[in-house]
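The values are calculated or read from the model by the stated rules, or taken from the named source; none is laboratory data. No experiment lies behind these values; they were computed from the predicted model shown. Note that we place each Cβ from the backbone using ideal geometry, even for glycine, and neighbour counts take in every protein chain shown. Note: areas computed on protein heavy atoms with side chains; ligands, DNA, RNA excluded. Shrake-Rupley method; radii C 1.70, N 1.55, O 1.52, S 1.80 Å.
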Amino acid sequence: MFAEIIAVGSEMLTPQKVDTNSLWLTQELNDLGVELAAKSVVGDDRTRVSEAVRAACGRAEIVIVTGGLGPTEDDVTREAVALALGRALRFDEKICAGIEERFRRLGRTMVEINKRQAFVIEGAEILPNDRGTAPGQWIDVDEQGRVVMLLPGPPNELKAMWERECRWRLRARLPQQVIRILHWRVAGMPESDLDQLISPVYTRYTNPVTTILAAAGDIQIHLRARCATADEADALLKEVADQLEPLLGERLYSKDGCGLDECVIRMLRQRGETVCVAESATGGLVAQRLTSVAGSSAAFMGGFLTYTDAAKASLLGVSQAVLSNYGAVSEPVAHSMAIGARERFGTDYALSVTGYAGPEGGTEENPVGTIFVGLAGRESAEVKRFRFIGDRARVRSFAAHAALDMLRRRLLR
Ligand code: ATP
């Protein structure tokens, strides 16, 4: 079963305001096993909203229209939906009395324009709004079970109405089904490479549905199976997962949705080992990520923020000769930073990061985006060179992620 959401409101066509209602509603729909096929934002224009509703009704079984139920001239949703469905609007005395009563309770007098909110589309069920004045409407459109919902725009009103009025109504008309989700996370490869690697497998299945989400070197793979029973859904997920897992190898770092920072802290704690950091280009981002995990104090001992050559020399013992021969952004400096930090904190591991985050700086050999990550362990130290593309914030967050991933891979060995 497919749904479409139409967010009505000209303010969401400006750079200042985002339609967040649809994100929340999408999660709710997915939890009920309903896929969102499309969504749109339409300004406060009766004809445009009406056309959008008509088109959505031609494609989806569930159409949710949010916003535009207020009392003013630019609140056009009721009229637009009535027009799209070819139904009349009728004035509902009871709703009007309810709005009047609400105003009285708040010590105010209802003004004439509020009566607009008492118009109901022919055949609609009224959905009471206990957080605001605009009631919602539920319209069973045809024998095939097509439904159109009108919900208020303010997120708190919409959520309350959905939870009290819409969720059970919708569930009652959906076939009995169970949804099971696998939430995997992958590090150390670009999204396009990952897709090329796994798409030959997942594109063969429409159930489970596979979604890939990427951010700062971190990729999430969601597999969502929808079946009549949990056993069937689990079996489908296993069938696909068993094919994907060997392709991903050690790049797959989480099978329960936990982040890389959490995964690294977990692994260290399980092994009873510790880490410290020496950061330059990332300015504390690696430490920030590690310490964002509850219970990190058992594994993370501290760090050095060594932004200048002098700080690298005095705090970490990087030799002046190495700094002047190779420059601060170099493999030997990353190496020496990691070893220096580990010795000083007495930890099992130390991560170091030095590089050019940009936008200025860089050399021909090591242009902006070049990052060296060092990892010192008890027996040896290694350095990896990365080249990230993008602005300063992107390079820094990719660098922090790469550092954490380097430690994770060492811990796997
Ligand atoms: P009201 O009775 O408050 O007028 P309404 O149904 O007419 O309700 P709108 O006037 O369209 O709702 O929107 C009221 C406020 O709700 C907007 O200013 C905005 O802050 C918020 N809002 C509306 N639509 C959305 C949306 N899709 N996502 C997030 N916020 C929204």
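Taking the C-alpha atoms only, the angle from helix 46-59 to the longest principal axis of the chain is near 80 degrees.
Which value, in debye to the nearest 20, gives the size of the charge dipole of region 1-135 about its Cα centre, when Lys and Arg are +1 and Asp and Glu are -1 at the Cβ?
Values: 17 positive and 22 negative charges, 60 e Å.
Around 280 debye, computed over region 1-135.
Just reorder 212, 113 by solvent-accessible area, largest first, 1.4 Å probe, all chains present.
On the way: 212 35, 113 85 Å².
Heavy-atom accessible area, descending, gives 113, 212.
Phi angles across region 19-30 convert, under the Karplus curve 6.51 cos²θ - 1.76 cosθ + 1.60 with θ = phi - 60°, into 3J(HN,Hα) values of 7, 9, 4, 5, 5, 4, 5, 4, 4, 4, 5, 4 Hz, Gly and Pro given as x. Projecting the Cα positions of 103, 398, 280 onto the charge dipole of the chain (unit charges on Cβ atoms of Lys, Arg, Asp and Glu, taken about the Cα centre) puts 280 furthest along the positive direction.
The residue 10 and residue 247 beta-carbon pair, evaluated with R₀ = 51 Å, returns a calculated FRET efficiency of approximately 0.65. Once the Cα-Cα distance is subtracted from the 0.36 nm per residue extended length, the residue 192 to residue 325 segment shows a gain of 44.1 nm.
With +1 on each Lys and Arg Cβ and -1 on each Asp and Glu Cβ, how big is the dipole of the chain about its Cα centre, in debye rounded to the nearest 20? List each step's numbers first, then the result.
Working: 50 positive and 55 negative charges, 152 e Å.
Roughly 740 debye, rounded to the nearest 20.
What region 1-148 shows is 49 Å² of accessible area per residue, with the surface traced by a 1.4 Å probe over protein heavy atoms. Sequence-ordered 3J(HN,Hα) estimates for region 181-190 from the Karplus curve with 6.51, -1.76 and 1.60 and θ = phi - 60° stand at 10, 9, 10, 9, 9, 10, 10, x, 8, x Hz, glycine and proline given as x. Charges were assigned to the Cβ only: +1 to each Lys and Arg, -1 to each Asp and Glu. The resulting dipole of region 216-375 about its Cα centre is roughly 420 debye. Angle of helix 392-412 to the longest C-alpha principal axis of the chain, folded into 0 to 90 degrees and rounded to 10: 70°. Phi-derived couplings, Karplus 6.51 cos²θ - 1.76 cosθ + 1.60 at θ = phi - 60°, listed residue by residue for region 74-86: 8, 8, 10, 4, 4, 5, 5, 6, 4, 5, 5, 8, x Hz, with x used for Gly and Pro. Over the chain, dividing the summed -39,500 (n - 2.57) contributions of all DSSP H runs of at least 4 residues by the number of residues returns a 222 nm mean residue ellipticity of -12000 deg cm²/dmol.
How much area per residue is accessible in region 264-395 when the probe is 1.4 Å and only protein heavy atoms are counted (Å²)?
Details: 6110 Å² over 132 residues.
That works out to 46 Å² per residue.
If I stretch the segment between residue 215 and residue 234 completely, what's the gain in nm (0.36 nm per residue apart, minus their alpha carbon distance), one decimal?
Numbers: separation 19, 0.36 × 19 = 6.84 nm, distance 2.77 nm.
Extra length available between residue 215 and residue 234 comes to 4.1 nm.
Electrostatic tally near residue 210: other residues with Cβ closer than 11 Å to its Cβ, Lys and Arg +1, Asp and Glu -1, net +1. Rounded to the nearest 10 degrees, the angle from helix 93-105 to the longest Cα principal axis of the chain is 60 degrees. Solvent-accessible area of the chain (1.4 angstrom probe, protein heavy atoms only): carbon and sulfur portion equals 50 percent.
Considering Cα pairs under 8 angstrom that are at least six residues apart, work out the relative contact order of the chain and quote it in whole percent. Numbers along the way, then the final one.
Working: 792 pairs, mean separation 41.2, N = 413.
Answer for the chain is 10 percent.
Provide the packing ranking of 286-292, 153-159, i.e. peptides ordered by the mean count of other C-beta atoms within 10 Å per residue, highest first.
On the way: 286-292: 20.7, 153-159: 17.6.
The densest-packed peptide leads the list: 286-292, 153-159.
What is the extension gain from residue 92 to residue 24, computed as 0.36 nm multiplied by their sequence separation minus the C-alpha to C-alpha distance, in nm to one decimal?
Working: separation 68, 0.36 × 68 = 24.48 nm, distance 3.02 nm.
Here the answer is 21.5 nm.
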